[in-house]
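Shown next, in structure tokens, is the structure this report addresses.
The values are calculated or read from the model by the stated rules, or taken from the named source; none is laboratory data. Bear in mind that the values here come from a model prediction, so they are computed numbers and not experimental data. So basically every Cβ, Gly included, is an ideal-geometry build from the backbone, and we count neighbours across all protein chains shown.
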Amino acid sequence: MNLETSIEYVKGIGSEKAKLIKNVLGVSTVEDLLNFYPLRYLDKSKVHKVSQLNNVNTDVQLKGKITSIQEVQTGKTKRLSAKFNDDTGSMDLVWFQYSKWLKEQIPVNKEIYIFGKINVFNNQFSMPHPEIEVEEKKESDNRLRPIYPSSEKLTKRGLNQKFFQTVLKNICKEIPNLIEENMPEYMMKHFKFLSRQHTYLNIHFPKDIEHFEKADYRLKFEESFFFQLGYALKKLHHKTQSHGNPFPIVGDFFTGFYKNNLPFELTGAQKRVLKEIRQDMKKPIQMNRLLQGDVGSGKTMVALLTMLIAMDNGFQSCMMAPTEILAQQHYNGIKDLLVDTGVNVRLLTGSTKASERKIIHEQLENGELSILVGTHAILEDKVKFKNLGLAIIDEQHRFGVAQRAKLWAKNKIPPHILVMTATPIPRTLAMSFYSDLDVSVIDEMPVGRKPIITAHRREKDRAYVYNFCREEIQKGRQVYFVYPLIEESETLDYKNLMVGLENVMDNFPKYNITMLHGKMKPDEKDAAMSYFASGKAEIMVATTVIEVGVNVPNASVMVIESAERFGLSQLHQLRGRVGRGAEQSYCILMTSDKLSSDSRTRIKTMTETNDGFKISEVDMKLRGPGDILGTQQSGVVDFKRLDLVEDAQIIKLTKKTVDKILETDPLLARSDNLLIKNYYLKYYRGKNKWSKIS
Ligand code: ADP
Ligand code: MG
């Protein structure tokens, strides 16, 4: 038997059962089975009493006797029911599926142990399909008993817990021949790991809780370690092997703009980040950098300055945003800033007119166009550059990895890539998900910004909230009212927004109100935006289309209606629309009176902190990492045992360990790292999901 052996040949399985297991559980080799971990463990040293049962759905073990068995007919179905007594009371054991053979096997009036899940049937505790043991128990049975993930389909066909336990026991006997060590001596000592063989033994049949925990720790560590190692090696490889266009020059475009057109002093963080980017782009290696900075931290200016460096070196740039509004806004902003510089900038989105499109295509190919701002329309194959040297992606979390890859292909030598995100993702997630990118962080807000004050208000406070808004407007400020997308159907959403609009109109009769929602045509959106941005309207009523990027520094109040319906990162993004000027800003979260506990946590988090990183940590705890990354990308962080929330410490530790090892031994050539290298080559190389991209 080796790891690749089909489970068909494992004692006790056979071809028919093997097929079933493969189909239902996706387990087909001995190795798969060893990695088929128990869901939980039953402590066989504990014997429960019937009179003390109180939890439905927990696995328990009881000791007693079956006193009678009978078949019960209800309608067309028959079930088998047995009375079980211990010295404290009695309960029913039930079989909904049974054979004559099974019925005859059930021991009556004998001392037995039964175990299984507790259920409630006819208002009484019962145990469906219990496992029964007649023998007196030996001491060795007092280990923790594994409970494997199973399904009704399997149980019905005899593949119950006892079956899996027996099969795994058989395989575990072979562990000395199957499992090789993959961690070197020095790590074993340092981290006090169980040996790999003992790890597998104890994950299936833990000697005690302590051994289970050690085994669990080691498996998690391994999973994180080799994952991180893969990325670190890839990154190293990229840095030594891949080509990129070096941008050695900082020339007139950059310095001229910096001296004459920069409307404000850069923050220290912006300067630092810019330096990191410049260092990267100087090298003949493609830059792959993630720029994280909370909403309002000034990423756009960094992007623009970076594009000017590309120009100084004779290259074109593009900047891609996830929505039309945002692309349009970037375009307007950049065009305004570059107005005296003669730099040619254009906007390409889904609604760009054919005539303009034609000019863009031509100018891109002949090199006249230096900066292209747009939506994913930029990705289309038709869009060809003469020499794309830099691609910037705003709000990276909205784009898939595949789209990033498409940009790479837009130039023979791949362009430098800068991805920007205002949704700070939790550090553990960043370490896993973005581990192929270098990370820069803008951790400082432009001077003079006051932290936004966030308050939670309910329906009964509405009059007060409106009054407050009026006061702010009288001070010369502007107000957003945001409505959630509640219904699946667009018409209902629209209706919802309209009711909101009417309500606001009734309560603010003296003011100009404008509206923005996703179904408006681009030029309508544009008109609505500029009506508000220019200050002509005091109030904007909107859906979440304003979530990203919209920039009106004079707006100081955001009222979010039905705030309990928004996700945390969405709330944080929305809140980022205010607090962009020098005035004190406010975010008011309106909710109904009854809140679920998750909603309460979200609202409370929002009122307590403005720190995007803290918020993202809470968000990940509430939603899980897959949801945060979005459907396109959630599969990327499917770990077997590792939990990105619970195991943050392990992830940090393994990252540090990997970095330390590669620092002195980047090729894993040292003999004491041989075990790591061999295991990595065997199991991880080529399995990396993004290996094709980079
Ligand atoms: P984000 O990082 O959310 O994309 P923006 O780039 O939109 O933020 O910047 C938010 C606002 O802050 C803009 O109005 C921008 O002009 C302004 N800003 C950016 N950097 C500075 C700075 N160093 N000093 C003052 N204002 C700045
Ligand atoms: Mg932005």
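Out of (1) touching a helix residue (DSSP H, G or I) at 6+ places or on another chain (Cβ under 7 Å); (2) under 21 Å from residue 151 (Cβ atoms); (3) in a loop (DSSP other than H, G, I, E, B), the odd one out for residue 8 is which?
In the conditions (1) touching a helix residue (DSSP H, G or I) at 6+ places or on another chain (Cβ under 7 Å); (2) under 21 Å from residue 151 (Cβ atoms); (3) in a loop (DSSP other than H, G, I, E, B), residue 8 misses (3) alone.
Could you figure out which of (1) under 45 Å from the mean Cα position of the chain (by Cα); (2) surrounded by fewer than 14 Cβ atoms within 10 Å (Cβ to Cβ) isn't true of residue 41?
With (1) under 45 Å from the mean Cα position of the chain (by Cα); (2) surrounded by fewer than 14 Cβ atoms within 10 Å (Cβ to Cβ) applied to residue 41, the lone miss is (2).
Working carefully through the options 563, 555, find the one that is closer than 23 Å to residue 601 by Cβ, buried (at least 23 other Cβ atoms within 10 Å of the Cβ) and of a type outside the set (Ser, Thr, Tyr). Talk me through it step by step, then tell me what you get.
Values: 555 fails: closer than 23 Å to residue 601 by Cβ.
Matching residue, one of 563, 555: 563.
Could you tell me which residue of region 397-424 is surrounded by the most Cβ atoms within 10 Å (Cβ to Cβ), considering only residues that are at pLDDT 65 or above and within 16 Å of ligand 2 (Cβ to nearest atom)? Break it down into steps so the answer makes sense when it comes.
Residues of region 397-424 that are at pLDDT 65 or above, as a first pass: 402-424.
Still in the running and within 16 Å of ligand 2 (Cβ to nearest atom): 418-424.
Working: 418: 29, 419: 22, 420: 22, 421: 21, 422: 24, 423: 21, 424: 24.
Here the answer is 418.
If a residue must be modelled with pLDDT of 90 or more and among the charged types (D, E, K, R), how many such residues does region 525-571 contain?
Number of matching residues: 4.
Please report, ordered by residue number, the helices (runs of 4 or more DSSP H) entirely within region 246-340 with at least 2 residues that are over 17 Å from residue 416 (Cβ atoms) and within 16 Å of ligand 2 (Cβ to nearest atom).
Fully inside region 246-340 and qualifying: 268-282, 299-312, 324-337.
Would you point out which residue out of 323, 300, 341 is of a type in the set (Ser, Thr, Tyr) and surrounded by fewer than 18 Cβ atoms within 10 Å (Cβ to Cβ)?
On inspection, the qualifying residue turns out to be 341.
Checking the conditions here, which among 89, 64 is surrounded by 15 or more Cβ atoms within 10 Å (Cβ to Cβ) and modelled with pLDDT of 90 or more?
64
When you check residue 504 against the structure, is it part of a helix (DSSP H, G or I), farther than 11 Å from residue 480 by Cβ and either of a type in the set (Phe, Trp, Tyr) or more than 32 Å from the chain's Cα centre (by Cα) (or both), yes or no?
no
Which condition does residue 367 not pass, out of (1) small (Gly, Ala, Ser); (2) surrounded by fewer than 19 Cβ atoms within 10 Å (Cβ to Cβ); (3) within 28 Å of residue 519 (Cα to Cα), if it passes all the others?
Checking residue 367 against (1) small (Gly, Ala, Ser); (2) surrounded by fewer than 19 Cβ atoms within 10 Å (Cβ to Cβ); (3) within 28 Å of residue 519 (Cα to Cα), the one that fails is (3).
For region 540-593, give me each residue that is closer than 17 Å to residue 422 by Cβ and assigned to a helix (DSSP H, G or I).
Once the filter is applied, which keeps residues that are closer than 17 Å to residue 422 by Cβ and assigned to a helix (DSSP H, G or I), region 540-593 yields 544, 545, 546, 568, 569, 570, 571, 572, 573, 574, 575.
For residue 192, work out the one condition from (1) farther than 23 Å from residue 1 by Cβ; (2) more than 33 Å from the chain's Cα centre (by Cα) it doesn't fulfil.
Tallying (1) farther than 23 Å from residue 1 by Cβ; (2) more than 33 Å from the chain's Cα centre (by Cα), residue 192 fails exactly one: (2).
For region 298-324, name all the residues that are within 13 Å of ligand 1 (Cβ to nearest atom) and not small (Gly, Ala, Ser).
Residues satisfying the conditions are 299, 300, 301, 302, 304, 305, 306, 319, 322.
Show the residue pairs that are 6+ apart or on different chains and have beta-carbon atoms under 9 Å apart, the first residue being within region 291-309 and closer than 12 Å to residue 333 by Cβ and among the polar types (S, T, N, Q), the second being in a loop (DSSP other than H, G, I, E, B) and within 11 Å of ligand 2 (Cβ to nearest atom).
300/549; 300/551
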